[in-house]
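**Student:** The structure that follows is given in the form of structure tokens.
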Amino acid sequence: MPVQCSSCTKKRAVLKRPKTGHSLCKDCFFWAFEEEVHQTIVSARLFNRGETVGIGASGGKDSTVLAHVLKVLNERYDYGLKLLLLSVDEGITGYRDDSLETVKRNQQQYELPLKIVSYEELYGWTMDAIVKQVGLKNNCTFCGVFRRQALDRGAMMLKVDKICTGHNADDVAETVLMNVLRGDIARLRRCTAISTASEGEGAIPRCKPLKYTYEKEIVLYAYFKKLDYFSTECIYSPNAYRGHARTFLKDLESVRPSAIVDVIHSGETLSVKEGVKMPVQGTCSRCGYISSQALCKSCVLLEGLNRGLPRLGIGKHHRLHGKILAQQPLTQQEERKLKAIDF
Amino acid sequence: MAAPIALHLEFGGGAELLFDGVKNHHVTLPSQSEPWDMRQLLAWIRGNMLKERPELFVQGESVRPGILVLINDADWELMGELEYQLQDQDNIIFISTLHGG
Ligand SMILES: [Zn+2]
Ligand SMILES: [Zn+2]
């Protein structure tokens, strides 16, 4: 027995929306999906007319849907934005090659300019080379830190006013949980923000237009629209801790679909009591990027790689920043601690 | 006795990686005394098609949360999920949402 669409009552419903429980046909779903993103953009005042907006594009489902929807809405509501795609090539053979091909096809399908920045050109290291040196245990730390800066640097080269990323409701809820599980109060307070203001030199404001959009709907939107996306897990990502948080959240969602927005809501309404110490944001004295330490995480990691001391950026070695900046040699004991890395 | 039924199974969004990277499968379910339903199909896939790490696809008697199921291009949540009675020539699609965005 086919279910009728609860909105137009004419056509056959194709999905049950997790957020509302409504059964919608394809056209009513597309409309509802796009309108909700539009509402999010308008009510949070994410963009201003005339801005150049870089869409962080990985070739995966979220950024592909984001690029498609932003293009549709920019035309439908005349936002007056100049949109472009911004991709990062981490230098992972066999993974990034394929996903970048997808981004290149998206560039043509959506007629948007594309800029690819690579770890190799920015840092002198590909992820393949980094993994050779640091092994598979801490590689995600390097990749995450480098990617964040790479997007900013690419955006600066293109003189972009804002960057938007494809983070969806499930991702945000997962990050709230992760920050609780890690006791990372500073990030916990920041992670639910839909946009970050320019935090000083070297960082471009970012926003997440899909913050309230469920992953299920993103995947079904891409499926019914026949959007071209790439879906393979990074070959270097054994991030078990995040995996557990994700599975936990999906299990909760299958019992109560509102669990996703409920966790986001909890994150949004948390307030940190007075007297909790927060890191003070400054800028990196080497590259000018935002940092709460003398050297930003990316510069520390890079220094470690270049000196053959991969542990440098992994533990807490803030004391050594002064020495590194002054290019002083490290003691033998310091070197020994930073060299050993368990594979 | 219900006659054997032919189905088109499709795996996407990364779920195909559990099936040797093959997205499309044409399968025939043998005849049995009662009509086939989705619950039995999942058990059949687990027994006949999944080679390793079945826990990445099935959980209990259903699919692992985060894998979407479409029956003839409609969300299975509209079709009775595990209780849906399969028809000859049905098109069943499994899409993983668990793979990178
Ligand atoms: Zn409708
Ligand atoms: Zn720096």
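The values are calculated or read from the model by the stated rules, or taken from the named source; none is laboratory data. Please read these numbers as outputs of a predicted model, since none were measured by experiment. Every residue, glycine among them, receives a Cβ derived from its backbone with ideal geometry; neighbour counts consider all protein chains shown. Note: areas computed on protein heavy atoms with side chains; ligands, DNA, RNA excluded. Shrake-Rupley method; radii C 1.70, N 1.55, O 1.52, S 1.80 Å.
**Student:** Rounded to the nearest 0.05, what FRET efficiency is calculated for residue A:111 and residue B:82 with R0 set to 56 Å and r the Cβ-Cβ distance?
**Tutor:** Given R0 = 56 Å and the Cβ-Cβ separation, E is 0.80.
**Student:** Give me a single rounded figure for B:64-70: the average over its residues of other chain Cβ atoms within 10 Å of their Cβ.
**Tutor:** The shielding value for this peptide is 5.
**Student:** Then there is this: Over chain B, what is the relative contact order in whole percent, taking alpha-carbon pairs under 8 Å and six or more residues apart?
**Tutor:** Over chain B, the number comes to 39 percent.
**Student:** If you put +1 on each Lys and Arg Cβ and -1 on each Asp and Glu Cβ, how big is the dipole of chain B around its Cα centre, in Debye rounded to 20?
**Tutor:** Dipole about the Cα centre, nearest 20: 360 debye.
**Student:** Let me ask something else about it. To the nearest 20 debye, what is the magnitude of the charge dipole of the protein assembly as shown about its Cα centre, counting +1 on the Cβ of each Lys and Arg and -1 on the Cβ of each Asp and Glu?
**Tutor:** Using only the charged Cβ atoms, the result is roughly 1780 debye.
**Student:** Just A:260, A:55, A:235 to compare: in a GNM of chain A, with alpha carbon springs under 10 Å, which one fluctuates most?
**Tutor:** Top of the fluctuation ranking is A:235.
**Student:** Taking H as built 1.01 Å from N, whose amide H comes closer than 5 Å to the amide H of residue A:22, not counting residues under 5 places away?
**Tutor:** Sorted by chain and number, the residues that satisfy this are A:17.
**Student:** Let me ask something additional. May I ask you to evaluate 6.51 cos²θ - 1.76 cosθ + 1.60, the Karplus curve with θ = phi - 60°, for each residue of the stretch A:40-54 and list the ³J(HN,Hα) values in order in whole Hz, giving x for glycine and proline?
**Tutor:** For the stretch A:40-54, the Karplus-derived couplings read 4, 5, 6, 6, 8, 6, 6, 10, 10, 3, x, 6, 9, 10, x Hz, x marking Gly and Pro.
**Student:** Have a look at A:81, A:59, A:99 and report the one farthest towards the positive end of the charge dipole of the stretch A:43-134, computed about the Cα centre with Cβ charges (Lys/Arg +1, Asp/Glu -1).
**Tutor:** A:81
**Student:** Compute the distance in nm between two label points, each set 7 Å from the Cα along the Cα-to-Cβ direction, one at residue A:104 and one at residue A:182.
**Tutor:** 3.4 nm
**Student:** For every helix of n ≥ 4 consecutive DSSP H residues, a contribution of -39,500 (n - 2.57) applies; sum these over chain B, divide by its total residues, and give [θ] at 222 nm rounded to the nearest 500 deg cm²/dmol. Can you show the working numbers first?
**Tutor:** Details: 1 runs with 11 residues, N = 101.
Computed ellipticity for chain B at 222 nm equals -3500 deg cm²/dmol.
**Student:** Which value in nm describes the separation of the simple spin-label points at residue A:32 and residue B:24, placed 7 Å from the Cα toward the beta carbon?
**Tutor:** 3.1 nm
**Student:** If I take every Cα pair under 8 Å that is 6 or more residues apart in chain A, average their sequence separation and divide by the length, what percent do I get for the relative contact order?
**Tutor:** Relative contact order of chain A: 17 percent.
**Student:** At a probe size of 1.4 Å, how large is the accessible area of residue A:81, to the nearest 10 Å²?
**Tutor:** Surface open to solvent at residue A:81 totals about 20 Å².
**Student:** Here is a further query. If you filter the stretch A:88-190 for GluC sites (Glu not before Pro), then keep DSSP loop positions with at most 16 other Cβ within 10 Å, what is left?
**Tutor:** Qualifying residues, ordered by number: A:111.
**Student:** Identify which of A:96, A:147, A:182 has the largest mean-square fluctuation in a Gaussian network model of chain A, with springs joining Cα atoms closer than 10 Å.
**Tutor:** Answer for the Gaussian network model of chain A: A:182.
**Student:** Which one, A:218, A:183, A:284, is farthest towards the positive end of the dipole of chain A when Lys and Arg carry +1 and Asp and Glu -1 on their Cβ?
**Tutor:** A:183
**Student:** When DSSP beta bridges are limited to those with both residues in the protein assembly as shown, what percentage is antiparallel, rounded to the nearest 5?
**Tutor:** 55 percent
**Student:** Another question, then. Per the 1.4 Å probe, what fraction of the accessible area of chain A, in percent, lies on carbon and sulfur atoms?
**Tutor:** Whole-percent figure for carbon plus sulfur exposure: 53.
**Student:** Here's a follow-up. Along the positive direction of the dipole of chain A (beta-carbon charges: Lys, Arg +1; Asp, Glu -1; about the Cα centre), which of A:321, A:272, A:302 reaches farthest?
**Tutor:** A:272
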